[in-house]
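Okay, so here's the structure we're looking at.
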Amino acid sequence: MRESWKPKPADRVIRHPREEDIRPIRLTVTTRKAPSKFTATPLLMVYIFLGLITIGTVLLLPPYTHHGAGFTPIMTAVFTSASAITVTGLVVEDTALYWTRIGQVIILGLIYIGGLGFMTIATFMMILIGQRVTLAQRLLVRESLMINQLGGMVRLTVGIVIVATLIQVVGFLVLFGRFYFLYPLPEAIWQAVFHAVSSFNGAGFVVLREADQLLAFRGDALVMGTMAALIFIGALSYLVIIDVVKLRKFSLFTLNTKLVLVMTLALSVISITGFLVTEYSNVETLGTLSVTDKLIASVFQGISLRSAGFTIADLSYANPHSNILTSALMLIGGASASVAGGLKVNTLAIILLSVVALIRGRNHATAFGRELPASLVQRALVVGAVSLAFMFLVVFLLTISEGKAQLDAILFEAASAFGTVGLSIGLTPDLSVVGEWVIITTMFVGKLGPLTVGLTMAQRAGRDLYRYPQERVTIG
């Protein structure tokens, strides 16, 4: 039987591809572009607030915004715009007497935007007109509020705007019920709107027509109580307010809410008691008032001096030890992600808890059955150290630019600016141009500085690639 022929390997026909059949292979190499420092989230908030201050300055320059001829002096416009957008309240010109109604409306708008937060308002407006909120915008809102979650940001933003607006509307209605019997109807509406917004946002701006302005109401329990309640709530932060409204039980609150409430109440008791005790017999502040009026005035002043800057006494005549205590409380400020500036009560609480833990020989700081992460404690210590170093620099520069001013007055104004409080013992209106720029910078840093430092550290947090050998250093 004939064997079937099988080709040998050498006999196999090898077909080479034709030139037209060869298709070039395209290799696409993708490179990850490094994020721009200009658009990094913490810095972007700085740029936004600088832009808002610039816009406010331009709006306040025209002649129709103030009483008198000509354009508003540039430094007056810049200082007022920065003070309003950072919700501080320090002024170089009397708000009620210098600015027209148009100028006051512009200031009120800047206060509202600065207190609520530009990104929160921008996101809310985009939701209203049906625009899609991008991931970058969600991240910016998230980090401006200092929260960890990313989901539900749209609903949270809407909730913040609604809650903040409702609180201010309630404050307006209560104040209007009192001002209705004191002013004509249009003026009563305006006074109630302005002071409800200024109180809740901790701005400290006053447009009352009375010669002694707010001092005329220091015995009025309704006006003082309403404004004090708005100031107190505004300094808690929106997240704490929403947490309290939704859960309504202390044991269910987050650790952040518990720390803010406890620290805020403790500092409020210290400020109220301290002001009442130190100024009880001072005829220039509380000495001439009845016991009831002293209590009302002390409660209002004690709450206001921590974040708002309203005053029912001329603090330039207050006792030196009273102003030292006030300076320390202003430096602390309100809660993180609130309308207040300064070191923040959250940061102070973490620092105190870590100190207590070390004194008790424990390696970890705890509170309410929860352990604080070591990275969080480190960030709090850094923010505290940077804030104190910045305050020293501000006081040092002001002693140079305002050589004739007393050191306690310089310290008071610096703490007021850094805490975005707005109280003054008379130095701000007499500042030199250099001093005004120092205070403007201090207000800006007090509003965004601690937040920016904290966010920058959080972004860079990670595991060390290598570590050096340990060696002890003598301390104490």
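What follows is calculated from the coordinates using simple rules that are stated; it is not laboratory data. Model, not experiment: these values are computed from the prediction. Note that we place each Cβ from the backbone using ideal geometry, even for glycine, and neighbour counts take in every protein chain shown.
Data for the structure
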| read-out | value |
| --- | --- |
| Charge context of GLU402, other residues only, Cβ under 12 angstrom, K/R +1, D/E -1 | -2 |
| Footprinting exposure proxy for LEU97, LEU267 (fewest neighbouring C-beta atoms within 10 Å first) | LEU97, LEU267 |
| Region 37-457, relative contact order [Cα under 8 Å, separation at least 6], % | 17 |
| Within region 37-457: Cβ-based charge dipole about Cα centre, in debye rounded to nearest 20 (Lys, Arg +1; Asp, Glu -1) | 1780 |
| Charge sum, other residues only, whose C-beta stays under 10 Å from THR226's C-beta, Lys/Arg counted +1 and Asp/Glu -1 | 0 |
| Value of relative contact order over region 53-114, rounded to a whole percent, pairs C-alpha under 8 Å and six or more apart | 38 |
| Order of VAL46, VAL260, VAL87, VAL223 - criterion: other Cβ atoms within 10 Å of each residue's Cβ, fewest first | VAL46, VAL223, VAL260, VAL87 |
| Over region 204-249: Rg over Rh, Cα atoms, Kirkwood Rh | 1.16 |
| Net charge contributed by nearby residues that have their C-beta within less than 14 Å of MET75 (K/R +1, D/E -1) | -3 |
| Region 37-457: translational diffusion in µm²/s, Stokes-Einstein, Kirkwood Rh over Cα pairs, 37 °C, 0.692 mPa s | 151 |
